[in-house]
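The values are calculated or read from the model by the stated rules, or taken from the named source; none is laboratory data. The shown structure was predicted, so the numbers you read here are calculated from the model rather than taken from an experiment. Note that we place each Cβ from the backbone using ideal geometry, even for glycine, and neighbour counts take in every protein chain shown. Remember, those area values only see protein heavy atoms, side chains included, never the ligands or the DNA or RNA. Shrake-Rupley method; radii C 1.70, N 1.55, O 1.52, S 1.80 Å.
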Amino acid sequence: MQFVRQVLFYAAIALVPVMLALGPASAQQVPASRGDIAMSFSPVVKTTAPSVVNVYAKRIVKTQGRRQPFGADPFFRRFFGDELFGGRPRRRAQNSLGSGVIVDASGIVVTNNHVIKNGTEIRVVLSDKREFDAELILTDERTDLAVLRIKPDGEPLVPLSLGDSDALEVGDLVLAIGNPFGVGQTVTSGIVSALARTRVGVSSYQFFIQTDAAINPGNSGGALVDMNGRLIGINTAIFSRSGGSNGIGFAIPVNMVRSVIEQSLSGATKVTRPWVGADLQNVTSDLASALGLNRPRGALVSQLHPDSPLKKAGIKRGDVLLRLAGKRIENAQEFSFRFATLPVGEESRVVFSRKSKRFKADVSLTPAPEDPPRNTTVIKGRSPFTGLQVVNISPAVAEELGLPSSVEGVAVSGVKRSLARRFGFKKGDVIVELNERKLGSVSDLRKILRRRDGYWDVAILRKGKLIRREFGG
């Protein structure tokens, strides 16, 4: 009690100058009890913590045995077997740990895709220690989100209500809840350090909430909540040189999370988003001056697919997209993010600038067309391409692989353990040219491979860069 009196005494002394300056009314603000000067996040934590779960995923990985001195000699392999020389891969179980959030009382849990990717067994542990086997019902690699379902068998679950990430402001207080390093459920506090962060590199849609609330390994998939106890983001990445928290964490905004949850609840097995059908770029200071803008903002349309809904709405190459669905657009990443959160089948108003004049257009929100058909093919035989899974490029394929809307060639949709992987091919590569012949389809590639020239000069488009490689054999 004596301690409380001392605290109140010194607090009152510190407030005297302020009270004198502001007048008698300010005297009402002097703390009257210890409770008046104590601040606690406890009410928010009590409301939200039961909705945050631990997610355990078990996956089987292959590891190569240790190489032995005569392992490359076929004579020794014939008599002593591959296993002795590390030739056969060994299988071992690998466990990953993350967090998740209950978003529906029926047992729907959202987490990060990288937490459960390739998992053969997924288990969810609630904050009250109840454990459930989980079923994976929807994944979305482009946003690094996954939706799980658990069966509570009539036992109550506490879903977390969804907030509005567009209403966030820099400086807002937030809490991060998860299971860092597997130590158990942990709550950390901080503020929203920045909004609309790009260049994070963990998903196709670069538009993240940045916070200084401590986020560490194991927090992935956990909740970022506001002071009203609402989910405003899914914690997904940190910026760190040591692997620990440096006060720079990133969360996927809940408005993107909401669209994935809604599709999972509707029974969708694949996330469908509206198709932009355009290549966009940020507006620089020089471009802003040339385009008649008072400052660098908006998304400049640099390329348009012939069937793009933007083009059908009257938008042309060189126009600058300034607003979408009533929201101001600052850059190309923001337009792509906001467009992806809109519901398919409806229309949305776009405000754009053309030659210093403002225009409006209603854009149809349609999914990317699957034309031409994929014609999924796995390359066989003896060539550097053996083991590649290739597809024709349609707008849908370009969307899935994050390719430019105007790209032409044959896309690599997968790489098996084979010659192709040894030669460095990767998922998302586009084979543009082979032996001085441009490729327009999978059929074109197969025709050239059947010639068996024994020498391969290939042009590959990878992440916007053209790479030329030469292979023999």
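Kindly indicate which of 122, 102, 108, 116 is within 17 Å of residue 266 (Cβ to Cβ), open to solvent by less than 70 Å² (accessible area, probe 1.4 Å) and touching a residue at least 40 places away in the same chain (Cβ under 8 Å).
108
Would you mind stating whether residue 419 is under 24 Å from residue 276 (Cβ atoms) and at pLDDT below 95?
Considered against the rule, which asks whether it is under 24 Å from residue 276 (Cβ atoms) and at pLDDT below 95, residue 419 comes out as no.
Which of (1) at pLDDT below 90; (2) over 22 Å from residue 405 (Cα atoms); (3) open to solvent by less than 90 Å² (accessible area, probe 1.4 Å) is the odd one out, the single condition residue 464 does not satisfy?
Of the numbered conditions (1) at pLDDT below 90; (2) over 22 Å from residue 405 (Cα atoms); (3) open to solvent by less than 90 Å² (accessible area, probe 1.4 Å), the odd one out for residue 464 is (2).
All but one of (1) modelled with pLDDT under 95; (2) within 22 Å of the chain's Cα centre (by Cα); (3) assigned to a loop (DSSP other than H, G, I, E, B) hold for residue 154, so report the exception by its number.
Answer for residue 154: the failing condition is (2).
Check the stretch 214-231 and report whether any residue there is at pLDDT below 95, open to solvent by 20 Å² or more (accessible area, probe 1.4 Å), in a strand (DSSP E or B) and among the hydrophobic types (A, V, I, L, M, F, W, C).
Taking every residue of the stretch 214-231 in turn, none turns out to be at pLDDT below 95, open to solvent by 20 Å² or more (accessible area, probe 1.4 Å), in a strand (DSSP E or B) and among the hydrophobic types (A, V, I, L, M, F, W, C).
From the list 437, 450, which residue is loosely packed, with under 12 Cβ neighbours inside 10 Å and charged (D, E, K, R)?
450
Looking only at helices (runs of 4 or more DSSP H) that lie completely in the stretch 251-363, which have at least 3 residues being on the phi < 0 side of the Ramachandran plot, open to solvent by less than 40 Å² (accessible area, probe 1.4 Å) and modelled with pLDDT under 95?
The qualifying helices (runs of 4 or more DSSP H) are 254-265, 332-340.
Residue 418 - would you say it is surrounded by 13 or more Cβ atoms within 10 Å (Cβ to Cβ) and farther than 30 Å from residue 305 by Cα?
Against the criterion (surrounded by 13 or more Cβ atoms within 10 Å (Cβ to Cβ) and farther than 30 Å from residue 305 by Cα), residue 418 qualifies.
How do the pairs read when you match residues in the stretch 334-350 that are over 18 Å from residue 399 (Cβ atoms) with residues anywhere that are part of a helix (DSSP H, G or I) and aliphatic (A, V, I, L, M), using Cβ under 8 Å and keeping only pairs 6 or more apart or on different chains?
Listed by first residue and then by second, the contacts come to 350/310.
Filter the stretch 169-185 down to residues that are at pLDDT 90 or above and of a type outside the set (A, V, I, L, M) and give me whichever is least open to solvent (accessible area, probe 1.4 Å).
Filtering the stretch 169-185 for residues that are at pLDDT 90 or above and of a type outside the set (A, V, I, L, M), the one least open to solvent (accessible area, probe 1.4 Å) comes out as 178.
Do any residues in the stretch 431-447 that are at positive phi have Cβ atoms under 8 Å from those of residues that are aliphatic (A, V, I, L, M), where the two are at least six apart or on different chains, and which pairs are they?
Filtered contacts from the stretch 431-447: 435/448; 435/458.
Test residue 378 against the stated conditions and say whether it is β-branched (Val, Ile, Thr) and either within 25 Å of residue 457 (Cα to Cα) or open to solvent by less than 10 Å² (accessible area, probe 1.4 Å) (or both).
For residue 378, the condition - β-branched (Val, Ile, Thr) and either within 25 Å of residue 457 (Cα to Cα) or open to solvent by less than 10 Å² (accessible area, probe 1.4 Å) (or both) - is met.
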